[in-house]
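Following: one structure in C-alpha cells, then a few remarks.
The values are calculated or read from the model by the stated rules, or taken from the named source; none is laboratory data. As the structure is a prediction and not an experimental result, all values here were calculated from the model. Please note: Cβ atoms are built from the backbone with ideal geometry, for glycine as well, and neighbour counts cover all protein chains shown.
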Amino acid sequence: MSGLMNALPVDAPFVLLARQGSADVELLTGDVVDVELLADIPLVGADGTRREVFAMVPYRQVRERGFEAHDDDAPLRCLLINGHEFFDRTDALQNLPSDTIALSDAGFDISDEDYATIVRRVIADEIGRGEGANFVIRRDYVAGVEADARTAALTWFRALLEHERGAYWTFAVVTDDHIAVGASPEAHVSSQGGVVTMNPISGTFRHPAGGATKETLSEFLRSTKETEELFMVVDEELKMMSAICSDGGRITGPHLKEMSRLTHTEYMLRGSSRLDPRDVLRETMFAPTVTGSPMQNACAVIRRHETTPRGYYSGVAALFTPNAEGGHDLDAPILIRTAYIKDGRLRVPVGATLVRHSSPEGEVSETHGKAAGVLGAIGAIARETPADPDQPAERASLAADTEIAELLESRNERLAPFWLNAQSAAGGAFAGTSVLVVDAEDRFTTMLGHQLHHLGLNVTITPWNEVTDDAVRAADLVVSGPGPGDPRDGSSSRISRMREVVALRRAERTPLVAVCLSHQILADQLGIELAPLATPHQGVQKSVDVFGEAATIGFYNTFTARVGAGTEAVGAVSVAADSGTGDVYALRGPKVASVQGHVESILSKDGIHTLERLVRFALA
C-alpha cells in the first residue's frame with residue numbers, strides 16, 4: 001500500500017473513494033475548477049474529448065431551480081480528473097495514518113433546548129399551517145482540530161474504512177480550502193446507460209448497547225412514524241422520477257440499509273431517461289430525506305428556521321464518467337454522515353425529519369445519535385462497541401430473518417400497484433384529449449401528469465405563475481393541482497392565481513378536475529366551509545367513499561372542506577363526505593370533479609382508478 005501513500009499528492013487536490021461492493025480504494029487526481037451552474041460542469045475539454053469529472057455540489061445550488069437558500073458562496077467545485085488509480089483496500093488499512101486526532105471545544109452549535117424549541121415551532125407553524133408534510137432542520141457538531149487537515153482527512157478516511165459498514169461511498173475530498181470526509185449510506189441518484197436510479201432512505205434505528213436484536217428491530221419496523229416517513233420520501237422522489245423519466249419510475253423494496261451503528265429502511269426507484277446527467281442532477285436537487293416535502297416549500301422553511309447556510313450538507317458528490325454510448329454516466333451519493341474541516345474547525349452537520357408525530361425530545365436524541373455515528377466511526381469520540389469481525393455476519397442473518405422480511409414486505413400491501421408493477425401501455429377513451437395541469441408548487445403534479453399520460457391524455461404541466469388565461473381556456477381539460485398553504489389566505493399570490501384558474505373554468509363551463517388545495521378552493525367557491533383539521537393529515541392513508549365506491553387514498557392536507565351531517569349536494573354539485581365529521585372527500589357536478597386526497601400518491605391503492613373516474617366525470 002506504500003503505492004497509495006507514494007501516489008498521494010503533497011500539495012495538490014485529490015479524492016479518495018471506496019465504493020460499496022468494491023475491494024479497491026480509488027485515487028482521483030487532477031485540477032480544480034469552480035463553476036457557477038451545473039450546466040457549466042466541463043464534461044468535454046477544449047479539444048472535444050469527453051473527460052471524467054468529480055464535483056462537490058453545495059446545497060445553495062437549489063437556487064438554480066428557483067428555490068430559496070441561505071448563500072454562503074460554497075463553490076460548485078469540480079476536479080477535472082487526469083489520474084484515476086486503484087489500490088487494494090486491505091493494504092490501505094495497514095498504511096494510512098491511524099493516530100487519534102484530538103478535538104477541542106466540542107459540542108453542538110445549537111443547544112438541545114433551543115433545537116427542541118425549533119422542532120415545536122416547525123410542527124406548529126409550518127406543518128400545522130399546511131406548509132408541508134415533513135421538514136429536515138439541521139444542527140452542527142463543531143470542534144477545533146489542531147492536527148494538519150490533510151493528515152486528519154487521511155486518518156478519518158482510514159477509520160471509516162475499518163469501522164463503518166454498509167456505506168454506499170466512503171470518501172475523502174481534499175482541496176486547498178475545503179476538506180470533506182464521510183461515509184454516505186445513500187445513493188441519491190445515478191444514471192447508467194439511460195437508466196436512472198434513486199434510493200430514498202428514511203427511518204433511523206439506532207442500535208442499542210450490545211447490538212440490534214430481532215425484537216428491537218421488529219419494534220422499529222412496526223413504528224407508524226418511521227413507516228410514514230419512508231413513504232413520504234418515496235412520494236417526493238417519485239415526483240422527481242416522473243419529471244425526468246418517460247416511464248415515471250418503478251418501486252422495488254423495501255430493504256434494510258445497515259450501518260455499523262444505525263439501520264435505515266429504503267426503497268429503490270428506477271426509470272428510463274434520455275436527459276444529460278447534469279440535467280438529471282438539477283431536476284433531483286435535493287433528497288427529501290434531508291430537506292422535506294414538498295421540496296420547494298421545504299427550502300423556504302429551512303431558510304426560515306436554520307440561521308446559518310448549509311454548505312455542502314444535503315448536497316451531493318457527483319462522479320461523471322464517459323460511457324460507451326458517447327455520453328456520461330452519473331453516480332451521485334448524498335452528502336450526509338460527513339465531517340468537514342476548514343480553518344482548523346471540524347463541522348459535522350446532522351438533521352432530524354420533523355413530522356406531525358415528532359416529539360422534540362426524540363428529534364434532539366436523533367441528532368445526537370447521527371452525530372455520534374459519524375464521530376464514533378472516525379474515532380473522534382469513543383466508539384460505542386469495539387470493532388467485531390463477527391458482527392457483520394450476525395446482522396446480515398438478522399436482516400434475512402423470516403419475520404423481519406415479512407414485516408418489510410407487509411409495507412407494500414398499503415401501496416399503489418401502479419407504482420410497484422410494470423405499467424401497461426397508455427391509451428383508451430381519453431386518447432387525443434389535451435390536459436393542462438397547473439402546478440401550485442407541489443411536484444405531485446409530475447406524478448399526476450404521468451398517470452394522466454398513462455390514461456391516454458396529452459399532458460402539459462405549467463407553474464401557476466406562468467399559466468395564462470388563454471391556456472386555461474384552450475385545454476380540453478384543466479387539472480388544478482395541489483400545493484402547500486392555507487386555501488383561505490387572500491394575501492398569497494399563488495393561492496389567488498389558483499382561485500382564478502378554478503373560477504375561469506367554472507365560468508366557461510369547461511371540464512375541470514381539482515386536487516387537494518384546488519379541491520378546497522373549489523369547495524370555497526361553492527360556499528362550503530373551510531377549516532383546519534385538529535390533526536394534519538400528512539402521509540395518512542384512508543379508505544373513503546367516493547360516490548358509491550370505496551377508495552384507499554393517501555392524504556396530505558392540513559385543511560378540509562366541511563359540510564353538515566347528511567349533506568349530499570350543494571346546488572348541482574354532489575358531495576362525498578365523511579358521515580361523522582362532514583369532511584368532504586370529493587365533489588362532482590356538470591363539467592367538474594375534485595378530490596381531497598392525492599390519487600397520484602404511492603399511498604393511493606385505488607388512485608389510478610379514482611383519477612380515471614374523476615376525469616370521466618369532468619368530461620362527461
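The table below lists the values:
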| item | result |
| --- | --- |
| Number of the exception - Gln61 against (1) over 27 Å from Gly292 (Cα atoms); (2) in contact (Cβ under 8 Å) with a residue 24 or more places away in the chain; (3) of a type in the set (S, T, N, Q) | (1) |
| Complete set of residues in the range 574-591 that are out of contact with any Lys or Arg (no Cβ under 7 Å at 6 or more places or on another chain) and either in a strand (DSSP E or B) or surrounded by 20 or more Cβ atoms within 10 Å (Cβ to Cβ) (or both) | Val575, Ala576, Ala577, Tyr585, Ala586, Leu587, Arg588, Gly589 |
| Only one of Thr567, Thr610, Thr560 that is hydroxyl-bearing (Ser, Thr, Tyr), assigned by TED's automatic domain parsing to the domain that holds Ile521 and modelled with pLDDT under 95 | Thr567 |
| Strands (runs of 3 or more DSSP E) contained entirely in the range 399-508, each with at least 1 residues that are in the same structural domain as His519 (by TED's automatic domain parsing) and acidic (Asp, Glu) | 434-439 |
| Top-ranked residue of the range 321-347 - restricted to ones that are of a type in the set (D, E, K, R) and out of contact with any Phe, Trp or Tyr (no Cβ under 9 Å at 6 or more places or on another chain), ranked as surrounded by the fewest Cβ atoms within 10 Å (Cβ to Cβ) | Asp343 |
